[in-house]
Amino acid sequence: MTGPDPKSDPQPDPSLQAAYDLDSPERVIRLYEAWAESYDGTFAAAMDYQLPARVAEAFDRAGGRGPVLDVGAGTGLVAERLVELGFGLVDGTDFSEEMLEVARRKELYQRVFHGDVMGRLDCPDDAYGGVVSAGTFTHGHVGPEALPELLRVALPGAVFALSINAEHYEAKGFGPAFRDLEGQITDLRLPEVKIYGQQAKGPHANDLGRVAVFRKA
Ligand SMILES: C[S@@+](CC[C@H](N)C(=O)[O-])C[C@H]1O[C@@H](n2cnc3c(N)ncnc32)[C@H](O)[C@@H]1O
C-alpha cells in the first residue's frame, strides 16, 4: 500500500479519472463504495460505455458456454448483455459489496459472491464453462497476476473474454504474462476495441482496450 491509511482518506469523489488514479485495493473498494448507486448513470450512460457489450459479443462469437463467471461484475452490466444474447447461467464476483448489491437487485445473476480475484475465489476447480470480465483489468485495478486463479476455476476448453485497457496491457506486462501461460491457454486473440462510444466526452473518450479471447487448454 502506498501513502497514508486509505480509511482516513476523505470520501472519494467518484469519477473515471479517480478510478484510473487508484493505487491500492483499499482505495479501489472505497471508490466503488461511493460510486455504486450512481455508476450506471454518471459513468456508464454518461460515457456511452461500450466494453460490457464488446466482451459479451466476443464471448458469444468465440463459442462461449455456461456456466459463466463474470469477474469484477460491478453493477452487472456484462450480465445484462449476456442475458440479451441468451445466456442464462451467469455468476458474478467482485470485491465491492456495494457494487454487488446493485447487481443483485437486477436479478440477472444465478449467484453473486464477494471475491478478490488477486487472491483465491470461493469456487471449486474447473467450475465454469466460460469467464468474462469488463473494465476490471485496468489502471489501478487488476493485473495479469489474476490470470492463474481464473484458469483454476475454469473447465478445460472454457472460453475467456477479458477486456484489458490498452495502456494497462503494456504497463503491466500482459504480453509476457500470456506468453508464460503457453500450454495452459490456446487460441489467444487480442482484438482492439473502443472503450467508450460516440457520446463520450473528456480526455478518455477515445481510450482503447483489447478483449483477450482464449480457451483454457
Ligand atoms: C470499472 S468497474 C467494472 C464493473 C463492470 N464489469 C462493468 O463493466 O461495468 C471495475 C470493477 O472491478 C472490481 N474490482 C477491482 N479490483 C478487484 C479485485 N481485486 N477483485 C474483484 N473485483 C475487483 C471493482 O470493485 C469494480 O466493481
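Taken together, the values in this text are just the output of simple stated rules run on the coordinates, not laboratory data. Because the structure is predicted, anything quoted here is derived from the model rather than measured. Here the Cβ is made from the backbone with ideal geometry for all residues, glycine too, and neighbour counts use every protein chain on show.
In terms of its C-alpha gyration tensor, segment 96-159 comes out oblate, because a/c is 1.5 or above while a/b does not outweigh b/c. Taken along the Cα-to-beta-carbon direction at a fixed 7 Å, the label points for LEU208 and ALA45 span 3.1 nm.
Compactness of the chain is given as radius of gyration and Dmax, 16.1, 47 Å, from Cα positions.
Annotation: average projected area of segment 79-187 is 7.1 square nanometres, based on the convex hull of Cα atoms across all directions. Based on the Cβ-Cβ distance of LEU190 and GLN110, what FRET efficiency does E = 1/(1 + (r/R0)^6) give at R0 = 30 Å, to the nearest 0.05? Approximately 0.55, to the nearest 0.05.
For segment 70-83, 3J(HN,Hα) computed residue by residue from phi via the Karplus equation (6.51, -1.76, 1.60; θ = phi - 60°) reads 9, 9, x, 5, x, 8, x, 5, 5, 4, 4, 6, 5, 5 Hz, glycine and proline entered as x. Dipole orientation for segment 90-171: of the candidates PHE95, PRO156, LEU108, LEU108 has the Cα lying most toward the positive pole (charges on Cβ; Lys, Arg +1; Asp, Glu -1). Look at LYS194, LYS172, LYS201 and count the other Cβ atoms within 10 Å of each Cβ; fewest to most, that gives LYS201, LYS194, LYS172. Give me the percent of DSSP beta bridges within the chain that run antiparallel, rounded to the nearest 5. Bridges in the chain are about 45 percent antiparallel. Computed over neighbours whose Cβ is under 12 Å from that of GLY135, the net charge equals -2, Lys and Arg +1, Asp and Glu -1.
Its residues counted as N, segment 137-217 yields a C-alpha radius of gyration over 2.2 N^0.38 Å of 1.16.
Applied to segment 122-129, the Karplus parametrisation 6.51 cos²θ - 1.76 cosθ + 1.60 on θ = phi - 60° returns per-residue 3J(HN,Hα) values of 7, 8, x, 4, 6, 8, 10, x Hz, with x for Gly and Pro.
Helices in the chain, meaning DSSP H runs of at least 4 residues, each add -39500 (n - 2.57). Divided by all residues, the mean residue ellipticity at 222 nm is -8000 deg cm²/dmol. Residue-wise HN-Hα couplings along segment 51-62, as the Karplus relation 6.51 cos²θ - 1.76 cosθ + 1.60 with θ = phi - 60° gives them from phi, are 4, x, 5, 5, 5, 4, 5, 4, 4, 5, 5, 7 Hz; Gly and Pro carry x. Contact order, relative form, for segment 34-149: 30 percent (alpha carbon pairs under 8 Å, 6 or more residues apart, mean separation divided by residue count). Taking 20 Å as the straight-line reach from the Cα of LYS172, the aspartates and glutamates in range (excluding those fewer than 8 positions away in the same chain) are ASP21, ASP23, GLU26, ASP116, GLU145, GLU149, ASP180, GLU182, GLU192, ASP207. Given R0 = 30 Å, the distance between the Cβ atoms of LEU155 and GLU182 translates into a calculated FRET efficiency of 0.95.
Based on C-alpha pairs under 8 angstrom that are at least 6 apart in sequence, the chain has a relative contact order of 22 percent. Here LEU85 and GLU26 are evaluated by their C-beta separation; at R0 = 45 Å the FRET efficiency comes out at 0.80.
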